[in-house]
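Inspection log for the structure reproduced underneath, given as structure tokens.
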Amino acid sequence: MSKQSNLVPPPLKNDCFSLPEGTRWTPVAEALALLKSRLRPSVGCETVPLVDALGRILAADVYAERSNPPLPNSAVDGYGLRHADVVDGPQSFPLVEGRSAAGAPFAGTLPEGGAVRILTGATIPAAVDTVILQEDVTTDGNAIAFHGPLKKGANTRQAGEDVLSGDVILNQARRVTPADLGLAAATGVGELPVFKRLRVAVVSTGDELAEPGTAARVDQIFDANRPMLLAMIMQFGFEPVDMGRAPDDREALKGFLDEAANRSDMILTSGGASAGDEDHMSALLNETGSMTLWRLAIKPGRPLALGMWENTPVFGLPGNPVAAKVCTLIFAKPAMDAMGGAGWCEPVALRVPAAFSKSKKAGRREYLRARLRDGRAEVFQSEGSGRISGLSWAEGLVELPDEALDIHEGTDVMFYPYSSFGL
Ligand code: AMP
Ligand code: MG
């Protein structure tokens, strides 16, 4: 039996997760618009060879150094001739001596009425304007026979038909893809101007955290956020800076932030972002006077502490791994893009039918751990935001709008594959 006292516990509210009265929760769209309007690239530029450019963000437009193809060439293995010599019906052409192969062009000019052996990718010899496919001729090695007519220019590629020298091939702010490397190489570009990688520091906070793989007290939990966040930053194409774990101690945490600000362009912390006794992140950012506690109308992950530490933006993420990941994808990722030179990137969503039903209340945007199966979005069985297994199960997020919504199987929902965030 508990000791009697005059204290009366407060009545439980009907809906204990309702939004506090009189307090405004910032809608996600408004928060994103604010970030978009405030963040600027904060990194320098460098020039790197193609082998080092994959995933980097272009710091300037890139121009073709030469045309692709540089000269007319053959699209097939066959025989080159003058279209003016071709008639309708059966005919034969004597073959000239020599041939045109890729890298070893025919040196002479084709005489009238003749044909020349030509291979795929070979430069089209002077006077040749049409190539007949080798499968369409018979030959004894001295002449070819085939049926006319032929289309003028058949099986040839024109100089510059793909790209002209001087064309813009890649735009500033673009993330370099493998295909971009092929295009740059084909047009004579051997190095690319890119932004230096944005350095993003990651600090975990909490006295309960132990290093994964070490012996931990039974009352401790392993730091799940740090390896996850560092890996996400790497996959976004930025440079993760591992700052380790900070205890729930204001002075110690200060030291971590000082060093993180020294070594990075942006800081992600997780934990301690709300307004509790041990929420030292929000308290510290508050002390510097630059802190905004964003009470976001989002589930999971409401309190996001944003502030500046020594001129370095700090994203104080919720400690909960599910909330930490969702807030990183929705808020920190676009912020990194903007600061890293890629501009404001919006993830591409797919509109797909739901494979679940749910009744959603008005008031905040919700993100559900989801994946696509048979063209429909399945969601993780539990919305419990402590369920890290659901993050790993999922292959993306379903976004439910701020308004109330009744979802049934077959209702269209927006699905963001993790890949739309660069993961
Ligand atoms: P906090 O935001 O510090 O109140 O933490 C919210 C919840 O997330 C608590 O249950 C923490 O133990 C947990 N948590 C905080 N940081 C981490 C972390 N790095 N890895 C796993 N869980 C964490
Ligand atoms: Mg904590």
(message) Given Cβ point charges of +1 (Lys, Arg) and -1 (Asp, Glu) and nothing else, what value in debye, to the nearest 20, does the dipole of the range 139-251 about its Cα centre take?
(response) 680
(request) Go through the range 184-197 residue by residue and turn each phi into a ³J(HN,Hα) via Karplus (6.51, -1.76, 1.60, θ = phi - 60°); whole Hz please, and just put x for glycine and proline. (result) 4, 4, 4, 9, x, 9, x, 8, 10, x, 10, 6, 4, 5
(message) Can you divide the C-alpha Rg of the range 358-423 by 2.2 N^0.38 Å and report the result to two decimal places?
(response) 1.08
(message) If exposed means no more than 11 neighbouring beta carbons inside 10 Å and the site is in a DSSP loop, what's the longest run of the chain without any exposed trypsin sites (Lys or Arg not before Pro)?
(response) 218-423
(message) For Ser165, what residues show an amide H to amide H distance below 5 Å, using hydrogens built from the backbone and excluding near sequence neighbours?
(response) Ser67, Asn68
(request) Please report how far the C-alpha centroid of the range 202-245 lies from that of the range 318-346, rounded to the nearest whole angstrom. (result) 17
(message) Rounded to the nearest 20 debye, what is the charge dipole size of the chain about its Cα centre when +1 sits on each Lys and Arg Cβ and -1 on each Asp and Glu Cβ?
(response) 880
(request) Kindly write out, for the range 383-397 in residue order, the coupling ³J(HN,Hα) from the Karplus curve 6.51 cos²θ - 1.76 cosθ + 1.60 (θ = phi - 60°), rounded to whole Hz, with x marking Gly and Pro. (result) 8, x, 7, x, 7, 5, 4, x, 5, 7, 5, 6, 10, x, 10
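Return one quarter of the surface area of the convex hull spanned by the alpha-carbon atoms of the range 129-212, equal to its mean projected area, in nm². Walk me through the intermediate numbers first.
Details: hull surface 53.6 nm².
The number I arrive at for the range 129-212 is 13.4 nm².
Using the Cα centre of the range 267-343 as the reference point, and only Cβ charges (+1 on K/R, -1 on D/E), how large is the resulting charge dipole? Debye, rounded to the nearest 20.
On the way: 5 positive and 6 negative charges, 85 e Å.
For this selection, approximately 400 debye.
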(request) Towards the positive end of the charge dipole of the chain, with charges on Cβ (+1 Lys, Arg; -1 Asp, Glu), say which of Gly108, Pro70, Ala216 has the farthest Cα. (result) Ala216
(message) Quick check: Cα centre of the range 87-155 to Cα centre of the range 350-375, how many Å?
(response) 61
(message) Can you give me the long-range amide H partners of Gln91? Hydrogens built in the peptide plane at 1.01 Å from N, cutoff under 5 Å, separation of 5 or more residues or another chain.
(response) Phe146, Gly148
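Can you sort Asp77, Asp406, Asp258 by how many other beta carbons sit within 10 Å, fewest first? It would help to have the intermediate numbers written out before the result.
On the way: Asp77 17, Asp406 9, Asp258 13.
Starting with the residue having the fewest Cβ neighbours, the order is Asp406, Asp258, Asp77.
Wrap a convex hull around the Cα atoms of the chain, take a quarter of its surface area, and give that in square nanometres.
Numbers: hull surface 126.8 nm².
The Cα convex hull of the chain, projected and averaged over all directions, gives 31.7 nm².
Plugging the Kirkwood radius over Cα pairs into Stokes-Einstein for the range 73-157, at a temperature of 10 °C and a viscosity of 1.306 mPa s, what D comes out in µm²/s? Kindly include the intermediate steps, with their values, before the conclusion.
On the way: Rh = 12.2 Å.
After rounding, the answer is 130 µm²/s.
Peptides 85-95, 388-398: what's the order by average Cβ count within 10 Å, highest mean first? Write out the running numbers ahead of the final one.
Numbers: 85-95: 13.4, 388-398: 18.8.
Ranked from most to least packed, the peptides come out as 388-398, 85-95.
Where both residues lie in the range 73-157, what percent of DSSP beta bridges are antiparallel, nearest 5? Please list the in-between numbers first.
Numbers: 20 of 24 bridges.
Looking only at bridges with both residues in the range 73-157, the antiparallel portion is about 85 percent.
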(message) Just want to confirm a number: the relative contact order over the chain, from Cα pairs under 8 angstrom separated by 6+ residues, in percent.
(response) 15
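Using the 10 angstrom Cβ neighbour count as an exposure proxy, how do Tyr416, Tyr367 rank, fewest first?
Values: Tyr416 20, Tyr367 25.
Arranged by neighbour count, lowest to highest, Tyr416, Tyr367 become Tyr416, Tyr367.
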(request) On a 0 to 90° scale, report how tilted helix 28-38 is relative to the longest principal axis of the chain, with both axes built from alpha carbons and the result rounded to the nearest 10. (result) 70
(request) Taking amide H positions as placed in the peptide plane 1.01 Å from N, state which residues far from Val200 in sequence (5 or more) or on other chains have amide H under 5 Å from it. (result) Glu239, Val241, Asp265
(request) Quote the relative contact order of the range 73-157 in percent (integer), defining contacts as alpha-carbon pairs under 8 Å separated by 6+ residues. (result) 44
(request) Please arrange His408, His280 by counting, for each residue, the other beta carbons lying within 10 Å of its beta carbon, fewest first. (result) His408, His280
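Every number in this text was worked out from the coordinates using simple rules, so none of it is lab data. Remember, it's a predicted structure, so these values are computed and weren't measured experimentally. Ideal geometry is used to build each Cβ from the backbone, glycine not excepted, and the neighbour counts take in all protein chains shown.
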